[in-house]
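Let me begin by presenting the structure, written as structure tokens, before commenting on it.
The values are calculated or read from the model by the stated rules, or taken from the named source; none is laboratory data. Since this is a predicted model, take the numbers as computed values, not measurements. We place every Cβ from the backbone using ideal geometry, glycine too, and count neighbours over all the protein chains shown. All accessible areas refer to the heavy atoms of the entire protein, side chains included, with ligands and DNA or RNA removed. Shrake-Rupley method; radii C 1.70, N 1.55, O 1.52, S 1.80 Å.
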Amino acid sequence: VDHKIRKWNLSLVSVSKEILSNSKRGYYLETFDKVIDEINRYSPPATVYFISGLSHDTTENVLASLFYLAGKNVIIGFSPFYPVPSTDEAKKLTIKSPVLAKGTSFYSWHSITTDEQISIFMLSRFINAVKRYSVEEWREKIQKLPQIINEKIFASYNRDDATLCGILYSLKNRCI
């Protein structure tokens with residue numbers, strides 16, 4: 001059945017039961033897995049967002065959420081925590097600044113630092129780039145790597161090809 005749905009955007013928030021409970025999310029990972037499995041039967045992959053930097057969150061938990069999504073047929077959406085005015089989370093904060101409440105800010109509201117937020121964001125983008133290609137496509141690209149890592153050829157690549165080459169080059173030279 002084609003329901004004309006072109007895109008799914010879902011919010012996982014976290015793999016931590018404590019974080020899910022504290023943020024009043026009424027589901028468990030088992031339920032979430034069933035939803036993702038059902039969506040993947042009919043549609044292109046969903047974009048699933050996780051939040052980094054909620055109160056009582058840890059870097060280990062955020063990475064667990066990221067790696068959980070890395071193993072799913074989904075596009076990973078990174079969302080740094082920012083306090084939405086008038087919410088319970090915003091009311092708990094001692095710093096009240098409308099400038100810092102912007103969604104593009106990687107401000108460290110709680111225990112996860114700005115550098116950690118940026119690193120996790122970059123890692124999520126890297127995982128999405130890697131997941132774009134099948135194992136067979138990776139094998140084919142790896143075989144062609146010596147001829148593609150040529151400045152003149154690389155300069156003519158589109159964004160997707162340049163991303164792929166950058167990943168392959170980094171892996172080959174062990175600089176990731």
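Please go through the range 120-145 and give me each residue that is farther than 18 Å from residue 50 by Cβ and open to solvent by 40 Å² or more (accessible area, probe 1.4 Å), ordered by number. Walk me through it before giving the result.
The first filter runs over the range 120-145 and keeps only residues farther than 18 Å from residue 50 by Cβ, leaving 132-145.
Matches in the range 120-145: 132, 133, 134, 135, 136, 137, 139, 140, 141, 142, 143, 144.
How many of the residues making up the range 29-68 are farther than 21 Å from residue 119 by Cβ and in contact with a helix residue (DSSP H, G or I) (Cβ under 7 Å, 6 or more places away or on another chain)?
Here the count works out to 1.
In this structure, does residue 96 turn out to be more than 16 Å from residue 15 (Cα to Cα), open to solvent by 40 Å² or more (accessible area, probe 1.4 Å) and either touching a Phe, Trp or Tyr at 6+ places or on another chain (Cβ under 8 Å) or at pLDDT 85 or above (or both)?
Numbers: more than 16 Å from residue 15 (Cα to Cα): yes; open to solvent by 40 Å² or more (accessible area, probe 1.4 Å): yes; either touching a Phe, Trp or Tyr at 6+ places or on another chain (Cβ under 8 Å) or at pLDDT 85 or above (or both): no.
Spelling it out, it is not the case that residue 96 is more than 16 Å from residue 15 (Cα to Cα), open to solvent by 40 Å² or more (accessible area, probe 1.4 Å) and either touching a Phe, Trp or Tyr at 6+ places or on another chain (Cβ under 8 Å) or at pLDDT 85 or above (or both).
Just checking, how many residues over the range 99-119 are surrounded by fewer than 13 Cβ atoms within 10 Å (Cβ to Cβ), polar (S, T, N, Q) and either touching a helix residue (DSSP H, G or I) at 6+ places or on another chain (Cβ under 8 Å) or modelled with pLDDT of 70 or more (or both)?
0
Among residues belonging to the range 127-156 that are touching a helix residue (DSSP H, G or I) at 6+ places or on another chain (Cβ under 7 Å) and assigned to a helix (DSSP H, G or I), point out the one that is modelled with the highest pLDDT.
Looking at the filtered set, the residue picked out is 127.
If I filter the range 15-30 for residues that are under 12 Å from residue 74 (Cβ atoms) and surrounded by 11 or more Cβ atoms within 10 Å (Cβ to Cβ), do I get at least one hit? Steps first, answer last, please.
First, the residues of the range 15-30 that are under 12 Å from residue 74 (Cβ atoms): none.
No; the residues of the range 15-30 include none that is under 12 Å from residue 74 (Cβ atoms) and surrounded by 11 or more Cβ atoms within 10 Å (Cβ to Cβ).
Among the residues of the range 78-86, is any surrounded by fewer than 13 Cβ atoms within 10 Å (Cβ to Cβ), more than 20 Å from residue 106 (Cβ to Cβ) and at pLDDT 80 or above?
Of all residues in the range 78-86, those surrounded by fewer than 13 Cβ atoms within 10 Å (Cβ to Cβ) come to 84-86.
When the remaining residues are screened for being more than 20 Å from residue 106 (Cβ to Cβ), the result is 86.
Cutting the leftovers down to at pLDDT 80 or above gives us none.
Among the residues of the range 78-86, not one is surrounded by fewer than 13 Cβ atoms within 10 Å (Cβ to Cβ), more than 20 Å from residue 106 (Cβ to Cβ) and at pLDDT 80 or above, which makes the answer no.
For residues in the range 37-74 being without any contact (Cβ under 8 Å) to a residue 40 or more places away in the chain, under 16 Å from the mean Cα position of the chain (by Cα) and in a helix (DSSP H, G or I), which is surrounded by the fewest Cβ atoms within 10 Å (Cβ to Cβ)?
60
Any residue that is out of contact with any Asp or Glu (no Cβ under 6 Å at 6 or more places or on another chain) and not in a loop (DSSP other than H, G, I, E, B) - is there at least one of those in the range 1-8? Step through it out loud before you land on a result.
We begin by selecting, within the range 1-8, every residue out of contact with any Asp or Glu (no Cβ under 6 Å at 6 or more places or on another chain); these are 1-8.
Cutting the leftovers down to not in a loop (DSSP other than H, G, I, E, B) gives us none.
Scanning the range 1-8, I find no residue that is out of contact with any Asp or Glu (no Cβ under 6 Å at 6 or more places or on another chain) and not in a loop (DSSP other than H, G, I, E, B), so the answer is no.
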